[in-house]
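Values in this text are rule-based calculations from the coordinates and carry no lab data. In this text, all values refer to a predicted model and were calculated from it rather than measured experimentally. Virtual Cβ from ideal backbone geometry, glycine too; neighbours counted across all protein chains shown.
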Amino acid sequence: MTHTRRVRIELTIKFIIYLILCAGSIIFLLPFLWMVSTSLKPASQVMVYPPKWIPHPLMWINYVKGWTTLPFTLYLENTCIITFSVIAGTLFTASLAAYSFSRLRWPGRDIVFVITLATLMLPSQVTMIPVFLMFRDVGWLDTFKPLTVGAWLGGGAVNIFLIRQFMMTIPVELEEAARLDGCSTLGIYWRIVMPQLKTCLAVVAIFTFLATWNDFMGPLIYLTTPDKYTLALGLQFFQGHYGVTMHYLMAVSLIVMAPCLLLFFLAQKLFVTGIALVGIKG
Amino acid sequence: MNGNSIFKSRMARREALEGLLFAGPLLLGLLIFTLFPVLDSLYISFTKYNIFTPPEFIGLQNYRNLVNDSLFWQSLRITTIYSVISVPLQLVAGFAVALLMNQKVRGITIFRTIYYLPSVVSGVAVSLLWVWIFNPDYGLANVMLRAAYLPTQKWLTDPRTALGSFIFMSLWGIGGGMIIYLAGLQGVPQHLYESASMDGANIYQKFRHVTLPMMTPVIFYNLVMGIIGSFQVFTQAFVMTSGGPANATLFYVLYLFRQAFNYFRMGYASAMAWVLFAIILALTLLVLKSSSAWVYYEGERKR
């Protein structure tokens, strides 16, 4: 008697939870659906109340027209160059530093590690102006270098920390054996340690991709010639462009978002482990 | 014996050299992009500098001017309000959703995907989407309000609701925090719940005396990150409102950016950056200090 009652109560609670989660899901998805819907509308149906959620006819041409209003293909190229360079630099130099912190002994190592972590507390706005002036003095304004060079010099404290934490969990026996076989430190790092870091490096690469792809302030400060714009900068410029309306704006915005969404669907597991790793270890 | 120790010290020296080499890019980066700029920034904050003529030392004048700058206070006020409301709101909402999802409901992976999806996208594209959603005449927000027979809002175009719109929009991004909570919840040892059950604890008591205490480190992490992030809002404000209407969304970093790159008042902007640093540092230390009272300790407390 009491048992069946308890089961019934439990089922009711589960049903309510399910209902709340479903309602929430719709609310969370609605902005995306709204975006897709707008991007496929003929101009005459954009500013209409009540809105037509499924436009007729479906204007796939909006994507082409929006994309070609400005040289977005060029912006895509620029964004890819910057993003690729930043990811490569981050993976390489952050893992080198992490290896040094977790495996090699050198004077001042622990102090440097603490300083590295302390930079997390420093808002980038503090260093923004002197760094800008420095790049101006070496004549690098309006080039991609200010946006990429930092990644080749350490790759960010979070990434170093994450890779180091991951390295700590790898047993050192394999490395010691390689050392006895006469393998150099660089060889051990590259051939023994790096292959074991695959998951961790993939996580770092994904989050570096998202941050760089969507970065706005960096390009805004450093890139002035329209030919050098990134997608983020191009989109912002597009917004104020004469005659651009919502359906084009949404179409191009969706294209810009697409790689991030695609990456998420392809590597969902990595996202979840990665976030958990950062969240719990940080 | 002697030869061995010489060999050992040579090995140690070699290792130290290699260690420095491996950390070399980082060391260089710290020097060029952190240590030097921090000192330089502090110096610039004591000067009048328009980047075209050499900096002129003016002592504390920039900081004194800040005190009398009503826009500075406005930006600080706006950012603080945003932080005070949006951070706890995101904390609670993210935690609540994670709790619901942790109840062994079916399709948890699908829910997790949906709630996290907005956190994958950010920047200009998302800001443009929300400008359109908040459109007072044809935007999704007012479409929903009309459908529910509620009064429509002017959202970003009214100084009274503009900041609230930003807070509302920030709730779309609770997925990031939610996933961290979810990972934390799944890491709570099952035997704690079992022994609580044996002691006759009900659902609320289990939550209050097992889940909550075990989650305090995660809550702490999300709180600190949330505070730091909320004081650095820039892109949304720049793209969606450029600080308007009537400076109602003049976020701190937006105003700082304007001083630096529109008016070229580098000294003044640097002073603002240092004030921002001081605020973030003070808040973080405050949370850190308070943490001894509520992180972990909660689990020790009886009753």
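For this structure, a couple of remarks:
- Gyration tensor (alpha-carbon) shape descriptor, region A:37-114, a/c threshold 1.5: prolate
- Fewest-first sequence of B:126, A:7 by Cβ atoms within 10 Å of each Cβ: A:7, B:126
- Positive-end residue of A:216, A:260, A:159, charge dipole of chain A with Cβ unit charges: A:260
- Peptide B:189-195 has a mean of 0 when you count, residue by residue, the C-beta atoms of other protein chains within 10 Å of its C-beta.
- Note: relative contact order over region B:143-255, using C-alpha pairs below 8 Å and six or more positions apart, is 28 percent.
- Fully extended contour minus Cα-Cα distance, from residue A:49 to residue A:77, at 0.36 nm per residue: 6.2 nm
- Euclidean distance between Cα centres, region B:97-121 to region A:83-123, Å: 33 Å
- Between the amide H of residue B:123 and any residue lying 5 or more places away or on another chain, no distance stays under 5 Å, with hydrogens modeled in the peptide plane.
- From the largest down, the protein assembly as shown spans 90, 82, 50 angstrom on the principal axes of its Cα atoms.
- Distance from the C-alpha centroid of region A:155-192 to that of region B:260-282: 40 Å, rounded to the whole angstrom.
- Simple rule: put +1 on each Lys or Arg Cβ and -1 on each Asp or Glu Cβ in region A:70-241, find the dipole, and look at A:94, A:207, A:232; the Cα lying farthest toward the positive end is A:94.
- Coupling constants for region B:241-254 follow from the phi torsions by the Karplus curve (6.51 cos²θ - 1.76 cosθ + 1.60, θ = phi - 60°), and in residue order they are 9, 6, x, x, x, 6, 6, 5, 10, 6, 5, 3, 5, 5 Hz; glycine and proline get x.
- Size of charge dipole - the protein assembly as shown - debye, nearest 20, with Cβ of Lys, Arg +1 and Asp, Glu -1, no other charges: 1160 debye
- Excluding same-chain neighbours fewer than eight residues apart, the aspartates and glutamates reachable from residue B:289 by a Cα-Cα span under 16 Å are B:298.
- Distant-in-sequence amide H partners of residue B:47 (H built 1.01 Å from N, under 5 Å): B:58
- Cα→Cβ-extended label distance, 7 Å offset, between residue B:43 and residue A:237, nm: 3.5 nm
- FRET efficiency, residue A:69 to residue B:10 (Cβ-Cβ, R0 45 Å, nearest 0.05): 0.10
- Per-residue average of Cβ from other chains inside 10 Å of B:284-293: 0
- Note on chain B: with charges restricted to the Cβ of Lys and Arg (+1) and Asp and Glu (-1), its dipole about the Cα centre is near 380 debye.
- With coordinates expressed along the principal axes, the C-alpha atoms belonging to chain B extend over 82, 69, 36 Å, beginning with the largest.
- The alpha-carbon of residue A:228 sits under 28 angstrom from the alpha-carbons of these lysines, leaving out residues fewer than 8 places away in its chain: A:65, A:145.
- Residue-averaged beta-carbon neighbours from other chains (10 angstrom radius) around B:127-138: 5
- Residue exposure proxy: A:41, B:8, A:65, A:145, ordered by other Cβ atoms within 10 angstrom of their Cβ from fewest to most, comes out as B:8, A:65, A:145, A:41.
- Inter-label distance, residue B:290 to residue B:207: 2.2 nm, where each label sits 7 Å from its Cα along the C-beta direction.
- The phi-based Karplus calculation (6.51 cos²θ - 1.76 cosθ + 1.60; θ = phi - 60°) puts the 3J(HN,Hα) values of region B:86-97 at 6, 5, x, 4, 5, 4, 5, 5, x, 5, 4, 4 Hz, whole numbers, x for Gly and Pro.
- Net length available on complete extension from residue A:115 to residue A:169 is 17.2 nm, with 0.36 nm assigned per residue and the Cα-Cα distance removed.
- Mean ellipticity per residue at 222 nm, deg cm²/dmol - from DSSP H runs of n ≥ 4 across the protein assembly as shown, formula -39500 (n - 2.57): -22000 deg cm²/dmol
- Alpha-carbon Rg/Rh ratio, for region B:169-215, with Rh computed the Kirkwood way: 1.12
- Structural descriptor for chain A: relative contact order 30 percent, calculated from alpha carbon pairs under 8 angstrom and at least 6 residues apart.
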